[in-house]
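Below you'll find the structure, written out as structure tokens, and then a few comments.
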Amino acid sequence: MTSLTLVRRIAARPSIVFEALTTPEGIAQWWGPDAGPVLMAETDVRIGGRFKVRFRMLDGTEHESSGEYLEVKPPERLAMTWRWLGLEDDGGESRIEIDLRPVNGGTELVFIAGAQGVKAG
């Protein structure tokens, strides 16, 4: 399995970071690779709940992803599946794990993404 781990420090309390990751209003403030707008964000933050986010990049292309929440432990842990929608070969689902830990001056965020190789059937 291929995986990616990122560690970042954020100048905000874990509860604020968790809210930015799980509420439509929070997601609208940061989602996407550039300054293009979030067009739609839906979240049902509970184990078995789903999320869906659609955004437009500055070049005009639109992208959408969705997944299911696997673990929800506010404000310290979030795990979910991730799938790009609308791609002919989407590569299947990935598992995303996000851990938030209070540190001096804010939050340490550890983000781990791993391909699960799960294809839609």
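A short reminder: the numbers here are calculations on the coordinates, not readings from a lab. Owing to the predicted nature of the structure, the values given are computational and were not obtained by experimental measurement.
Before rounding to the nearest 500, sum -39500 (n - 2.57) across all DSSP H runs of length at least 4 in the chain and divide by the residue total; then give [θ] at 222 nm in deg cm²/dmol.
-2500 deg cm²/dmol
Cα gyration tensor of the range 1-50, axes a ≥ b ≥ c as square roots of the eigenvalues: rounded (a/c below 1.5), prolate (a/b > b/c) or oblate?
Rounded.
Taking only C-alpha pairs under 8 Å that are 6+ residues apart, what is the relative contact order of the chain in percent?
Relative contact order of the chain: 27 percent.
Contact order normalised by length for the range 30-100, with contacts defined as Cα pairs under 8 Å and 6 or more residues apart; what percent is it?
22 percent.
Taking a quarter of the surface of the Cα convex hull of the chain, what do you get in nm²?
Taking a quarter of the hull surface, the average projection is 7.7 nm².
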